[in-house]
Amino acid sequence: MIDLKNVKKIYHTGGEELIALNDVSLQIKKGEFTSIMGPSGSGKSTMMNILGLLDRFDEGSYILNGQNVSSLTDNESAHVRNKEIGFVFQSFNLMPRMSILENVELPMVYAKVSAKERHERAMIALEKVGLANRVKHKPNEISGGQKQRVAIARAIVNQPAVLMADEPTGNLDSKTTLEIMKIFQDLNADGTTVVMVTHEPDVAQYTKRIVSFKDGRLMDDQLVENPIIL
Amino acid sequence: MKANFKMALDSIFANKMRSFLTMLGIIIGITAVIAILAVGNGATSQITGTFNDLGASTISLSVSDKAIKADYITKADLQTMKDSIQKLDYISPDARLAGTITSDFSDKSVIAYGGTTDLQFTNQTMKNNLVYGRYFNQNEYDDAKNVAVISEDGATVLFNGRKDVVGEKINISYRGTALSLKIIGVTASSQESTVGFFDAENMPVFIATPLTTLETLNPELGNLDSVTVKVSSKDDIDSVSKQMVRLLETRHEKVGDDLYSATNFLQSLDQIDSVLGLFINFIAAVAAIALVVGGIGVMNIMLVSVTERTREIGTRKALGATTNTILFQFLMESVILSLIGGIIGLVLGILLANGVASALDIVPSITPGAVILVLLFSSAVGIFFGIYPARKAAKLDPIEALRYE
Ligand SMILES: Nc1ncnc2c1ncn2[C@@H]1O[C@H](COP(=O)(O)OP(=O)(O)OP(=O)(O)O)[C@@H](O)[C@H]1O
Ligand SMILES: [Mg+2]
């Protein structure tokens with residue numbers, strides 16, 4: 001599913017070079033539920049941005065779902081993001097003026113899905129996250145946990161190959177965090193591949209595999225012995 | 001497309017006041033353009049219409065050196081011109097005098113026109129649309145008979161409301177000389193050409209007499225300095241004008257002296273048209289400036305909007321929006337913004353045009369072409385001033401946009 005080989009990412013800031021990722025190789029198979037951990041500044045977000053085709057890298061190669069995506073044009077990346085990748089952000093990033101339903105429909109607008117099918121598929125996705133009854137509301141009329149559920153519905157609505165979440169529970173309390181982790185687990189149980197950044201070890205215990213970064217290097221990669229199933 | 005359209009409207013209506021203020025420049029510009037076009041076109045067609053009524057096929061031949069009263073144009077010239085110039089239909093002097101007219105019942109001021117028998121075709125006020133009697137004939141002209149044709153209104157005023165006054169006597173006095181005339185005809189009053197110059201109370205009586213008759217009151221009238229000519233068609237104006245001038249120059253041995261000039265209403269119309277056109281251009285330039293200012297307003301607010309929505313743009317890109325999608329979305333927004341401004345301006349402009357037009361007593365003319373032009377133009381303003389902010393939005397780097405606080 002994901003095959004990253006010897007990836008290096010360098011930031012150039014004011015003459016100085018900062019190696020954000022150094023010789024990182026990572027394979028993730030279909031159906032895995034992986035968390036990426038590490039201290040602040042270790043390169044977790046950089047890793048996610050590269051996996052999500054939001055950012056380019058300087059060395060190495062990346063094969064996603066059988067397709068070499070190492071050097072795509074902006075437009076090609078946009079299409080791959082739209083079809084193969086579902087994003088969940090720490091701060092939800094919903095469109096404030098659009099209803100919940102419209103928010104979930106948005107990736108399908110970009111995929112040029114017909115209005116009727118958009119509506120049907122959005123409703124199915126919202127049902128999966130337990131929000132099918134609030135579709136006409138605006139994002140500012142629902143709670144943080146509900147917002148993140150809308151964001152997850154939006155991320156899965158185009159049936160992507162992989163769901164990518166950068167600290168999805170970072171803005172949520174512990175009870176809501178569990179609700180969100182349960183949704184991820186359910187989606188994963190249905191076959192969705194999930195990659196998630198977190199710096200909370202507790203939260204990582206709900207995933208199946210933990211990859212640890214330090215100073216831009218992949219230091220540790222192990223399976224969670226007894227993942228807690230919610 | 002439909003979803004894009006809705007998004008654009010949503011974001012415009014999310015900031016109603018801001019959007020409205022942004023549109024204001026365009027609204028003012030378009031209102032001005034529409035009002036000016038409507039009133040200007042209305043006025044032009046009104047003036048054109050009036051002038052066509054007045055006789056597009058009329059030439060006025062005059063002597064430029066009017067100070068010297070001399071026989072630069074003689075009565076014999078008139079006959080020669082009429083006989084030798086083919087396309088010349090009618091020719092009559094334009095002599096007139098203002099005096100007093102008395103009947104057995106009352107007295108009034110009078111404007112008396114003196115001409116040949118062609119006066120009935122060349123004079124707008126005393127046209128030959130007779131209600132009673134007849135116009136004077138060649139014999140009466142040749143013999144300077146004391147006959148007159150009077151306007152219907154004049155008859156009414158002078159004869160206690162009677163209109164059929166054929167056979168009645170009237171007296172004209174001018175600078176102490178008096179002349180008694182027999183009325184032989186009554187013409188329908190031609191309102192259009194005189195109304196507006198006089199109010200009902202001071203409206204003089206109009207009469208027409210043979211020039212030869214009128215000369216007994218003022219012999220100077222025999223020195224013709226202005227003659228009105230009718231040709232059969234507008235196309236003959238130029239050639240007839242030239243022939244007349246040439247003929248007079250030869251007969252009076254004034255070749256090359258530039259003494260005679262022949263002008264046509266159409267030429268004056270062209271002048272009025274060009275003055276009006278200049279005025280319209282000037283106001284249009286002012287309106288164009290308003291539109292540019294409005295367009296800059298649109299650009300400004302779109303730039304603000306792009307900055308405010310940086311994160312939103314980043315998110316959209318993460319969800320799969322391409323550069324062109326974002327470009328199109330923001331362009332659509334600026335175009336709709338300008339277009340709404342344009343439509344509001346259109347409505348206000350039509351209202352304003354109607355107001356101004358009714359005050360000026362003209363009919364405003366708003367053509368479908370003008371409406372389409374306005375809509376296209378405001379869209380163009382939206383595209384022109386929206387392209388830079390839209391490109392800025394489209395070219396944002398997704399990660400930086402997502403990280404934007
Ligand atoms: N756009 C950038 N320009 C320059 N340096 C950057 C940029 N983005 C990230 N970095 C640097 O790259 C390194 C890795 O950053 P990254 O955001 O991936 O860390 P992280 O593991 O996600 O940290 P956190 O847990 O705080 O989110 C950091 O040292 C950071 O300062
Ligand atoms: Mg991070």
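How many square angstrom of accessible surface are buried between A and B, both sides summed, with a 1.4 Å probe and rounding to 100? All intermediate terms of the calculation are to be shown ahead of the outcome.
On the way: alone 11430 and 20320 Å², together 29710 Å².
The buried area between A and B, both sides summed, comes to about 2000 Å².
Calculate what fraction, in whole %, of the accessible area of chain A sits on carbon and sulfur atoms when a 1.4 Å probe is rolled over the protein chains. Each step should come with its number before you reach the end.
On the way: 5010 of 10440 Å².
Answer for chain A is 48 percent, counting heavy atoms of protein chains only.
Take B:S358 and B:Y388, extend 7 Å from each Cα along the Cα→Cβ direction, and tell me the distance between the two endpoints in nm.
For the pair B:S358/B:Y388, the computed spacing is 4.3 nm.
Evaluate the relative contact order of segment B:65-258 (contact order divided by residue number), counting alpha-carbon pairs under 8 angstrom at least 6 apart; express in whole percent.
This gives 31 percent for segment B:65-258.
Using a 1.4 Å probe on the protein heavy atoms, what percent of the accessible area of chain B belongs to carbon and sulfur?
Carbon with sulfur: 59 percent of the solvent-accessible area.
At 222 nm, what helix-only mean residue ellipticity would chain A give, in deg cm²/dmol to the nearest 500, using -39500 (n - 2.57) for each DSSP H run of four or more?
-10000 deg cm²/dmol, from helical runs alone.
Could you compute Rg(Cα) / (2.2 N^0.38 Å) for segment A:2-223, with N its residue count? Spell out each step's value before the answer.
Details: Rg = 17.3 Å, N = 222, 2.2 N^0.38 = 17.1 Å.
Rg over 2.2 N^0.38 Å, computed on Cα atoms: 1.01.
Just want to confirm a number: the relative contact order over chain A, from Cα pairs under 8 angstrom separated by 6+ residues, in percent.
Values: 454 pairs, mean separation 65.0, N = 230.
That works out to 28 percent.
Considering only C-alpha atoms, what is the centroid distance from segment B:355-405 to segment A:143-172, in Å?
One Cα centre to the other: 38 Å.
Can you tell me which aspartates and glutamates have their Cα less than 19 Å from the Cα of A:K136? Leave out same-chain residues fewer than eight positions away.
Excluding near neighbours in sequence, the set is A:E102, A:E105, A:E117, A:E120, A:E127, B:D10.
Can you run the Rg to Rh ratio on segment B:208-351? Use alpha carbon positions and the Kirkwood inverse-distance Rh.
Looking at segment B:208-351, the ratio lands at 1.45.
Give the aspartates and glutamates whose C-alpha is closer than 13 Å to that of B:K169, dropping any in the same chain fewer than 8 places away, or say none.
B:D104, B:D107
Starting from one equal scatterer on each C-alpha and no solvent at all, send me the Debye-based log10 I(q)/I(0) for chain B at q = 0.07, 0.09, 0.11, 0.14 Å⁻¹, two decimals.
These q points yield log10 I(q)/I(0) values of -0.56, -0.70, -0.85, -1.14.
What number, rounded to the nearest 500 deg cm²/dmol, is the helix-based mean residue ellipticity at 222 nm of chain B, given -39500 (n - 2.57) per DSSP H run of at least four residues and division by all its residues?
Details: 14 runs with 226 residues, N = 405.
Calculated at 222 nm, the ellipticity per residue is -18500 deg cm²/dmol.
Which whole-number percent is the relative contact order of chain B (Cα, under 8 Å, 6+ apart)?
Relative contact order for chain B comes out at 29 percent.
How much area per residue is accessible in segment A:2-223 when the probe is 1.4 Å and only protein heavy atoms are counted (Å²)?
Heavy-atom SASA per residue in segment A:2-223 reads 44 Å².
Can you give me the convex hull volume of the Cα atoms of the protein assembly as shown, divided per residue and expressed in Å³?
Convex hull volume per residue, Cα atoms: 243 Å³.
Would you be so kind as to identify which of A:S71, A:I183, A:L51 lies farthest towards the positive end of the dipole of chain A, taking Lys and Arg as +1 and Asp and Glu as -1 on Cβ and the Cα centre as origin?
After comparing all options, I get A:I183.
Relative to the longest principal axis of the C-alpha atoms of chain B, give the angle of the C-alpha long axis of helix B:323-360, reported between 0 and 90° and rounded to the nearest 10°.
Orientation of helix B:323-360: about 30 degrees from the principal axis.
With a ≥ b ≥ c taken as the square roots of the eigenvalues of the C-alpha gyration tensor of segment B:65-258, please select rounded if a/c is under 1.5 and otherwise prolate if a/b is larger than b/c or oblate if it is not?
Verdict is prolate for segment B:65-258.
On average, how much accessible surface per residue is there in segment B:65-258, in Å², for a 1.4 Å probe, leaving out ligands, DNA and RNA?
48
Where does helix A:100-110 land angle-wise versus the long Cα axis of chain A, in degrees 0 to 90, nearest 10?
60
³J(HN,Hα) across segment A:133-147 via Karplus (A = 6.51, B = -1.76, C = 1.60, θ = phi - 60°), whole Hz, x for Gly/Pro?
Working through the residues one at a time gives 9, 10, 5, 8, 6, 8, x, 6, 9, 10, 6, x, x, 5, 4 Hz.
So how much slack lies between A:K83 and A:E120, counting 0.36 nm per residue of separation and subtracting their Cα-Cα distance, in nm? Can you show the working numbers first?
Working: separation 37, 0.36 × 37 = 13.32 nm, distance 1.77 nm.
So the chain would gain 11.5 nm between A:K83 and A:E120.
Obtain the nm distance between the two label points defined at A:S40 and A:D186 by a simple spin-label model: each point lies 7 Å from its Cα along the Cα-to-C-beta direction.
3.4
What number comes out for the charge environment of B:A43, summing +1 per Lys or Arg and -1 per Asp or Glu over other residues with Cβ under 12 Å away?
Taking every other residue near B:A43 into account, the sum is -2.
Nearest 5 percent is fine: what portion of the DSSP beta bridges confined to segment B:65-258 is antiparallel? It would help to have the intermediate numbers written out before the result.
Working: 28 of 40 bridges.
Here the antiparallel bridges make up roughly 70 percent for segment B:65-258.
Figure the gain on full extension for B:S109 and B:N171 (residue separation times 0.36 nm, minus the Cα-Cα span) and round it to one decimal in nm. Could the numbers behind the result be given before it?
Numbers: separation 62, 0.36 × 62 = 22.32 nm, distance 1.13 nm.
Extra length from B:S109 to B:N171 when fully extended: 21.2 nm.
Kindly state, to the nearest 0.05, the FRET efficiency for A:R217 paired with A:K175, given R0 = 51 Å and r defined as their beta-carbon distance. Can you show the working numbers first?
On the way: r = 35 Å, r/R0 = 0.69.
The computed FRET efficiency comes out at 0.90.
Treat each spin label as a single point 7 Å out from the Cα along the C-beta direction, and report the B:L375 to B:A14 distance in nm.
It is 2.8 nm.
At a cut-off of 50 Å², which residues of segment A:93-120 become less accessible once all protein chains are present than in their chain alone, using a 1.4 Å probe?
A:N93, A:M95, A:R97, A:Y110
Helix B:2-14 sits at what angle to the longest principal axis of chain B, using alpha carbons and giving 0 to 90 degrees rounded to 10?
With both axes taken from Cα atoms, the answer is about 80 degrees.
The values are calculated or read from the model by the stated rules, or taken from the named source; none is laboratory data. Keep in mind the model is a prediction, meaning the values are calculated, not measured. Here the Cβ is made from the backbone with ideal geometry for all residues, glycine too, and neighbour counts use every protein chain on show. Note: accessible area is taken over every heavy atom of the protein model, side chains too, but ligands, DNA and RNA are not part of it. Shrake-Rupley method; radii C 1.70, N 1.55, O 1.52, S 1.80 Å.
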